[in-house]
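Only one structure is covered here, and it is reproduced in the block below.
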Amino acid sequence: MLKLLSGGRLLPNCKSNYFPKPFCSIRYLRTSSYSNIPNFIQISSNESGSNDQGIDIDLLFHSSTNTHLAKRLHALLIVLGKVQSLFISTRLLNLYSNLGNICLCQQTFDHITKKDVYTWNSIISAYVRNGIPSEAVNCLYKMLKYEVKPDFYTFPPVLKACWNLNDGSRIHSLILKTGLEWDVFVAASLVHMYCRFGLFDAAYQIFTNMPYRDMGCWNAIISGFCQNGKGEKALEVLDEMKLEGIKMDSVTVSTILPVCAQMDDMVQGRLTHLYVIKHGLEHDLFVGNAFINFYAKFGEVEHAQKVFDSLVIRDLISWNSIIAAYEQNNNPDYALNFFNKMQMDGFKPDLLTIVSIASSIAQSRDSQSSRCVHGFIQRRCWFEKDVIIGNAVVDMYAKLGDADSARKLFDKILLKDVVSWNTMITGYGQNGLANEAIDVYHTMVEIEHVTPNQGTLASIIPAYAHIGALKEGTTTHGRVLKTGQLLDVFIGTCLIDLYGKCGDMEDTMKLFYEVPKSSSVPWNAVISCLGIHGHGETSLKLFRNMLDDGVQPDTITFISLLSACSHSGLVEQGEWCFNVMQNDYGIKPSLKHYGCLVDLLGRAGQLEKAYNFIKNMPLQPDASVWGALLGACRIHGNADLGKLALDRLLEVDPDNVGYYILLSNIYANAGKWDGVNRVRSLANSKGLKKTPGWSSIELNNKMEVFYTGNYSHPQCDQIYEELENLMTKMKILGYIPDYSFVLQDVEEDEKQHILTSHSERLAIAYGIINTPARTPIRIFKNLRIPSIIHTVPIFLLYELVFWEVPLLHLIKILQTSGLQVMSAFRASLLLVPFKLPSTTPTYTIAFAFASTCLRNLQLQVYKRRNKRMTTNDNAEVELRSFLSNRLDPLGQPSREIMGIMGQFMQV
DNA sequence: TTAGGGTTAG
């Protein structure tokens, strides 16, 4: 009975994993030095003349470990007249197939005149094994045409090869006709095929109806579920299998492990490891490789290493896995070290090795090796072989900051997939080239008609956020809504970041409440955005909510919190966070955390304390730490400490032009022009050039970019005319240009020119000309050197504008008051002057204000428009004390104002 | 004597 049902064969599957291809070499097959005749022939003639007695053909087949030897054997067999034998020629065909030479397979196959079912089965499996599945399916149809009846060896490889449901069903009905549907191999293949096409019910039905199931069948349904996104269902079947008393074998284990990793189920994985040890499967190659990958995904590289060490036999996948393990866990040096060891062990790297190595090289910032990798791949023509390798190298160049090389290679990739596009978009984004990223995105969607996936959105939305292209970002948001991707935590977080950075806190919070919040990622984004806009207290409140929700804060959470405290001047709270992070969550502060704390103390004016803090740091302070101190010195005009900070900075990061500019600005503000010159000539002698500042504005879905003093814009004349116009109006209002912000020692009229032709002014003028009244104008600036960016609490500016404080006073007050001028990284300013007398040229005020006080700032200037306001939690208290201290002549705030303030507080 | 299903690395 059993014999019948299983297709006549009930032999256990005895393939050995230890010696996958047990070829042994034999001495007399080595190449002879004096002949171009196959050695086999010499052997045969020397030893036994024309008689082939004494030649072990089976041994010769086993010993033909490369195509060269196989050809010699082929020649010998021709000489011996053995190729007429259908059996021998089919065996040759299989030999070439094993050696991966599909051309010779085809030739051998074509030379066989009368092909039997063995021959057809062999060529079919040759096509499947050598990656030409479509030909395998064709062969089935051809053999039917030649009236050769397929058997139970024919169907499994054909089912494996068929990649559309039509062929699948057709083959299924053929199987039914031949009555082979319950052969365990055939049935397992059917089950797997239906899973591949997502017909899980059909697959499961076949599986449950099977009169006899071997391990292969169980594994077929489990792997079918696993590989097609039905991990949970797979685990259910696994339980069912255990209930029937069937034990997992090495195939089951290696199938199930990736699912455990995917489902974040460390416990199941560990239990499986115990099972494996108990049942003596731990030295199995597949199992071992699967465990290396399993542990690597959980960041447990030591365990991965232990498994690797315990493997008796290793293959290329073992090496690739351990290399990837180190690469993915940010240990590029170990990855590269294992790469060398692997080669010493005689393994040649393949495509996937190089993918990991490219990433490791990017991590270790080794530009020189990046060229070697590029050449290595080019010489082997691997770029043509698989798109993934091209993508990896584009990514490598982008991560090394070489966007040009990345682009050159990207352009050369002929068959780009969606990952190629995503990589290029991300690559530009990572290098601050948001406009280029957006260009690539447009080409991808509009010209190449590639459908964006989650990865695309996750790379393009940050690019929009970077340049403040809120409108385009909103369009993308619409696309996300249409495809129902909103619940995706990555895209949700990108959108939170976009709205947050553009200052739209209401939409930010709305989104935040829609996105799944089980991980720290969306919390970090919202805490950081609130911090940027000076809502430090709200950031802290959300942090508490996060803890109440049982979400574990991570290192990024504390960076966001510390910088939020820093931007809101919450020194005590910031120090509290720094302690909680270490004591309650065991997170060791990184250089970034130290940088934030120095920034916090520095901005608050506690320069000495900040300096002492640096001196007592357990880590070697880096550029970000000294940079924070230098920035604080700039704010508080401490040139001596600034000089000291710069000296340290030049030791750790000598090529960053930003620091020279900072110190130069400190000297310039103090009128020490000799200091300015000294710093500038130092920078020049090192060949450093200032990054040109630009501002951008988005109009009619197009980004316009302006550079300082630029005259190339088509509307240039109108822009400068509008600027003069504004200047006149402002002067009438009492505006006196503050040249202390022109940090160059030039004549007064030249200073005025420099001040009026700043890129953000050009962009504002362009915006005013080209938009109707009551349209918000949103300007973004590229230069965002932390610590020199100032912002003012919005409520305060609103208040001052409302009271129609003369502009001169306004600017002076804002410049001299230490209380209200707060610093912010990527800050944005909202001017929302509703209820103003209709004659007040609001935008002019905003413009003057921005130009004099807020040069390095992302600026949102709203023309007169009733719109909600964002506010600082301390707004009212600060405002009251500010008004009572500084604005005596204007009296106390009226009830009306308090009412408006109340509205702000509700936001 | 040959050939077949189900497993691991991005």
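The values are calculated or read from the model by the stated rules, or taken from the named source; none is laboratory data. This is a predicted model, so every value here is computed, not measured. Using ideal geometry, Cβ is built from the backbone for each residue, glycine included, and neighbour counts are taken over all protein chains shown.
Screening A:G534 on (1) on the phi < 0 side of the Ramachandran plot; (2) buried (at least 24 other Cβ atoms within 10 Å of the Cβ) shows it passes everything except condition (1).
Per-residue answers, yes or no, for (1) near DNA strand B (Cβ under 9 Å from one of its atoms); (2) more than 29 Å from A:K230 (Cα to Cα); (3) modelled with pLDDT under 95:
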| residue | (1), (2), (3) |
| --- | --- |
| A:K278 | no, no, yes |
| A:H283 | no, no, yes |
| A:I292 | yes, no, no |
| A:R314 | no, yes, yes |
| A:I322 | no, no, no |
| A:N330 | no, yes, yes |
| A:F338 | no, yes, no |
| A:D345 | no, yes, yes |
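Within the group A:L190, A:L176, A:L140, A:L159, which residue is more than 12 Å from DNA strand B (Cβ to nearest atom) and crowded, with 16+ Cβ neighbours inside 10 Å?
Being more than 12 Å from DNA strand B (Cβ to nearest atom) and crowded, with 16+ Cβ neighbours inside 10 Å holds for just one of A:L190, A:L176, A:L140, A:L159, which is A:L140.
Of the residues making up the stretch A:383-413, those that are part of a loop (DSSP other than H, G, I, E, B) and within 16 Å of DNA strand B (Cβ to nearest atom) are A:D386, A:I413. Look at (1) crowded, with 24+ Cβ neighbours inside 10 Å; (2) more than 22 Å from A:I221 (Cα to Cα); (3) within 11 Å of DNA strand B (Cβ to nearest atom) and you find that A:V307 fails only one, number (3). Exactly one residue among A:F200, A:F185 is touching a residue at least 12 places away in the same chain (Cβ under 8 Å) and more than 11 Å from DNA strand B (Cβ to nearest atom), and that residue is A:F200. The lone criterion from (1) small (G, A, S); (2) under 21 Å from A:S189 (Cα atoms); (3) away from DNA strand B (no atom under 12 Å from the Cβ); (4) buried (at least 18 other Cβ atoms within 10 Å of the Cβ) left unmet by A:A70 is number (2). Against the test of being farther than 21 Å from A:I171 by Cα and more than 31 Å from the chain's Cα centre (by Cα), the options A:D249, A:D201, A:D265 yield a single qualifying residue, A:D249.
Identify all residues within the stretch A:524-537 that are under 12 Å from A:Q573 (Cα atoms) and either not assigned by TED's automatic domain parsing to the domain that holds A:T557 or not small (G, A, S) (or both); write none if there are none. Full working, then the answer.
From the stretch A:524-537, those under 12 Å from A:Q573 (Cα atoms) are A:536-537; that's our starting set.
The answer is A:E537, and nothing else.
Yes/no per residue for (1) in contact with a helix residue (DSSP H, G or I) (Cβ under 6 Å, 6 or more places away or on another chain); (2) within 11 Å of DNA strand B (Cβ to nearest atom); (3) assigned to a helix (DSSP H, G or I):
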site	(1), (2), (3)
A:C195	yes, yes, yes
A:I206	yes, no, yes
A:I221	yes, yes, yes
A:D239	no, no, yes
A:I246	no, yes, no
A:V251	yes, yes, yes
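Candidates are the residues of the stretch A:253-275 that are of a type in the set (V, I, T) and within 15 Å of DNA strand B (Cβ to nearest atom); the one that is nearest to A:G229 (Cα to Cα) is A:V259. Within the stretch A:643-685, being assigned to a helix (DSSP H, G or I) and in contact with a Gly (Cβ under 9 Å, 6 or more places away or on another chain) holds for A:K643, A:A645, A:L649, A:G658, A:Y659, A:L662, A:L663, A:S664, A:I666, A:Y667, A:A668, A:N669. Every condition in (1) under 30 Å from A:W218 (Cβ atoms); (2) of a type outside the set (F, W, Y); (3) not in a loop (DSSP other than H, G, I, E, B) holds for A:D333 except the one numbered (1).
Scoring A:L104 on the criteria (1) under 23 Å from A:L69 (Cα atoms); (2) touching a Phe, Trp or Tyr at 6+ places or on another chain (Cβ under 6 Å); (3) within 12 Å of DNA strand B (Cβ to nearest atom); (4) not polar (S, T, N, Q) leaves a single failure, condition (3). Determine, yes or no, whether A:S360 is under 27 Å from A:D439 (Cβ atoms) and hydroxyl-bearing (S, T, Y). No: the conditions fail for A:S360.
Let me spell it out: the conditions are (1) part of a loop (DSSP other than H, G, I, E, B); (2) in contact with a helix residue (DSSP H, G or I) (Cβ under 6 Å, 6 or more places away or on another chain), and A:E147 meets all of them except one. Which number is the exception? With (1) part of a loop (DSSP other than H, G, I, E, B); (2) in contact with a helix residue (DSSP H, G or I) (Cβ under 6 Å, 6 or more places away or on another chain) applied to A:E147, the lone miss is (2). Within the stretch A:85-99, the set of residues being over 48 Å from the mean Cα position of the chain (by Cα), over 15 Å from A:D110 (Cβ atoms) and polar (S, T, N, Q) comprises A:S85 only. Against the condition under 28 Å from A:D417 (Cα atoms) and touching a residue at least 40 places away in the same chain (Cβ under 8 Å), how does A:I467 come out, does it pass? For A:I467, the condition - under 28 Å from A:D417 (Cα atoms) and touching a residue at least 40 places away in the same chain (Cβ under 8 Å) - is met. The one condition from (1) more than 30 Å from A:L69 (Cβ to Cβ); (2) away from DNA strand B (no atom under 12 Å from the Cβ); (3) surrounded by 16 or more Cβ atoms within 10 Å (Cβ to Cβ); (4) not hydrophobic (A, V, I, L, M, F, W, C) that A:R170 does not meet is (3).
Within the stretch A:124-134, the set of residues being near DNA strand B (Cβ under 10 Å from one of its atoms) and not charged (D, E, K, R) comprises A:I124, A:S125, A:A126, A:V128.
A:F152: in a loop (DSSP other than H, G, I, E, B), farther than 15 Å from A:F61 by Cβ and among the aromatic types (F, W, Y), yes or no? Yes.
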